[in-house]
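What follows is a single structure, written as structure tokens, with notes after it.
The values are calculated or read from the model by the stated rules, or taken from the named source; none is laboratory data. Predicted model, so just to flag it, every value in this text is computed and none were measured. Every residue, glycine as well, gets a Cβ built from its backbone with ideal geometry; the counts of neighbours run over all protein chains shown. SASA here: full protein model, heavy atoms, side chains in, ligands and nucleic acids out. Shrake-Rupley method; radii C 1.70, N 1.55, O 1.52, S 1.80 Å.
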Amino acid sequence: MAKSLLFPEFKIDRDKERCISCQVCVRQCANDVHEGSDNEDTVLSQEENCVGCQRCVNLCPTNALTVHKREGGFRPNGNWSEQHLRGIYKQAESGGILLTGMGCDRSYPIYWDHLLLNASQVTNPSIDPLREPIELTSYLGRKEEKLDIDWSGEFPLVQTRLAPQLELKVPVVFSAMSYGSISYNAFRSLAEAAREVGTFCNSGEGGLHPDFYPYGDNIVVQVASGRFGVHRDYLRVAAAVEIKIGQGAKPGIGGHLPGEKVTKEISRTRKIPEESDAISPAPHHDIYSIEDLERLVFAIKEAINYKKPVAVKIAAVHNVAAIASGVVRAGADIVTIDGIRGGTGAAPQVIRDNVGIPIELALAQVDERLRSEGIRHHSSLLIAGGIRSSADVIKAIALGADAVYVGTAALVGLGCHLCQKCYTGKCNWGIATQDPVLTKRLNPNIGKRRLVNLIRAWSFEIKEMLGGMGVNAIESLRGNREHLRAVGLSKEECAVLGVKAAGEGW
Amino acid sequence: MKKIRIQEEFCIGCRLCEINCLVKHSYSGKIIKAFREESPRALPRIRVEEEGYLSFALQCRHCEDAPCVENCMSGAMQRDRETGTVFCDEERCVGCWMCIMSCPLGVIKREQKTRRIASKCDLCGGEGEPVCVAQCPNEALLYE
């Protein structure tokens, strides 16, 4: 085979003074980077295979290891960046599409970082969340235009039959990650944490393992183009059903779970033969229009007796506002929008990095459009794609979201180090893998604890920020863009976001 | 009596328990010194057993009818009346290895310090969590 032109991406520094040759790194690396030598007192490293996941660094008991980006190798060039050169070399060698995992890592503007929050001063009092209650409960689902109330009795009675709602104790939901793309233990951590904090997790398109049926009240199940594992009980056990049309990381693209990952348990969950590739087509072959979507929405509503909300998930693309309007009119109780920075287990790199628009702009436009058409209350907005902190959550809510999905943030909470190699199935952190040696590395008891802590910490922070603004319920902030100001954005960007520039006031 | 419970489904086979046990029972108690400078190197009293993807860390179970205590001719191997821990009194151990012969789990080792001594899990002196439990990165060992 001809010599590869690629350089190792990472450099491993082993402090010889500190290394005790305990071989923990050797045992922990699924990429066979470290190797004990015949002479027992040294460990050697093969940098070519290193993906920079930092597992060995984390577990090294003497902190003898550092793994960092390898400097040099490619001659610096403003136009031909390392990413481009690496891509060309790889493709010239392999002749294939470049695959990657997780969300877009290009440095497109992140609008969350250009939005600032308001606080109360003098003219309106701020609230101390430690002394006064602040309400974070949110309800997702269609809201009524008006309520008929019977005032004749002793107490007023609501006569209107309310649409089914999802009750969230915190406006943060774990986003769709299928059992298959993530491990059983990772899914269990999410499901248990969702139940503990009073929110939901999403089954993804891979069906629901029978072990998770008891968690149904906190699970949103997905119906995607592959229809894996979709059957009556699957729809009925869940708290809501989500029809997945698109995904932020790969709008317009289907999915492909390689046969090696289709283990016995996954084949049981997805209802496909063991070791067969699980291919989700790019479109739903029965949905070629809004009218077709409406048919599926109502078919599902029939199947679940109109007892649970039905969501429709679309990727944030150029005409997202018009599409979302159509989706709402098709009967979706919740519209989920996934931005360009949304994660994935596997996607062509060129799609992940170049297709779609940032969620902030999409959210602002969709909210605006639905309001102007007078149909905003027909659906709740759930947004996804690059929510990194409680500040992002609260900014999203002020921009008009009803709640946010977190996927990457949850995985990072579980130990993910964003090495973007989910598609290899060799996740050293036991998250995006089905290898029994690796899946054991994620203890769901620890995973659940970490996720519960994360959501609890975020909810404290959200309460602090709300209190500072003088708002005592998250409902009062929803869509209130007066609480946001933009810094460092152009007039056009401010207009799209519907946010005033910092310094502008009444 | 509190015992170390093994959850083999979460053992990741990293062997950090062995390393930390060794350090705990070394002269210095410091990891780099214990490995690089101390001679003879202390022995870990816990051992990770592996086959395929299964692995678990095994150490003395402190059996109720401990054969090692029964078979110890010098009375070095004994049970702490208060805590129930089976431990080896190093002063009295003569290195006859009868305990090793009789241990059904093979968790007693031959230590060559200044002389031959049987070495086994002492639950880190019975004070608090043993290091193998405290330092297991995946909580595969529980002390309860």
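When you check A:Arg341 against the structure, is it in a loop (DSSP other than H, G, I, E, B), in the same structural domain as A:Glu205 (by TED's automatic domain parsing) and basic (Lys, Arg), yes or no? Full working, then the answer.
On the way: in a loop (DSSP other than H, G, I, E, B): yes; in the same structural domain as A:Glu205 (by TED's automatic domain parsing): yes; basic (Lys, Arg): yes.
Judged against the criteria, A:Arg341 is a match.
A:Glu35 fulfils the conditions (1) in contact with a strand residue (DSSP E or B) (Cβ under 7 Å, 6 or more places away or on another chain); (2) among the charged types (D, E, K, R); (3) part of a helix (DSSP H, G or I) except for a single criterion, (3). Scanning the stretch A:373-415 for residues being over 15 Å from A:Ile110 (Cα atoms) and part of a loop (DSSP other than H, G, I, E, B) gives a total of 9. Going by the structure shown, is B:Glu129 without any contact (Cβ under 8 Å) to a residue 24 or more places away in the chain and outside any strand (DSSP E or B)? When the stated conditions are applied, B:Glu129 passes them. Would you say A:Ile351 is assigned by TED's automatic domain parsing to the domain that holds A:Ala224 and either assigned to a loop (DSSP other than H, G, I, E, B) or crowded, with 20+ Cβ neighbours inside 10 Å (or both)? The answer is no for A:Ile351. Among the residues of the stretch A:239-274, those that are of a type in the set (D, E, K, R) and surrounded by 16 or more Cβ atoms within 10 Å (Cβ to Cβ) comprise A:Glu242, A:Lys244, A:Lys250, A:Lys261, A:Glu265, A:Arg270. Annotation note: Cβ proximity below 7 Å between a residue of the stretch A:315-330 that is free of Cβ contacts under 8 Å to residues at least 12 places away in the same chain and a residue that is buried (at least 24 other Cβ atoms within 10 Å of the Cβ) (sequence gap 6+ or interchain) occurs for A:Ile323/A:Ile314.
Within the stretch A:111-208, considering only strands (runs of 3 or more DSSP E) that don't extend past its boundaries, which have at least 2 residues that are touching a helix residue (DSSP H, G or I) at 6+ places or on another chain (Cβ under 7 Å) and assigned by TED's automatic domain parsing to the domain that holds A:Glu464? I'd like the intermediate steps shown before the answer.
Details: elements: A:115-117, A:138-140, A:166-168, A:172-176.
Result: A:172-176.
Residues of the stretch A:5-46 that are under 27 Å from A:Gly87 (Cβ atoms) and either modelled with pLDDT under 90 or within 14 Å of chain B (Cβ to nearest Cβ) (or both): A:Leu5, A:Leu6, A:Phe7, A:Cys29, A:Ala30, A:Ser45, A:Gln46. Restricting attention to the stretch A:429-443, the residues being open to solvent by less than 20 Å² (accessible area, probe 1.4 Å), within 10 Å of chain B (Cβ to nearest Cβ) and not charged (D, E, K, R) number 4.
Screening the candidates A:His285, A:His318 for the property of being open to solvent by 40 Å² or more (accessible area, probe 1.4 Å) and under 17 Å from A:Ile351 (Cβ atoms) yields one hit, A:His318.
How do the helices (runs of 4 or more DSSP H) wholly within the stretch B:16-125 filter down when requiring 1 or more residues that are within 14 Å of chain A (Cβ to nearest Cβ) and in contact (Cβ under 8 Å) with a residue 60 or more places away in the chain: which remain? If you could, list the steps in order and put the result at the bottom.
Values: elements: B:16-24, B:31-36, B:67-71, B:98-102.
In the stretch B:16-125, the matching helices (runs of 4 or more DSSP H) lie at B:16-24.
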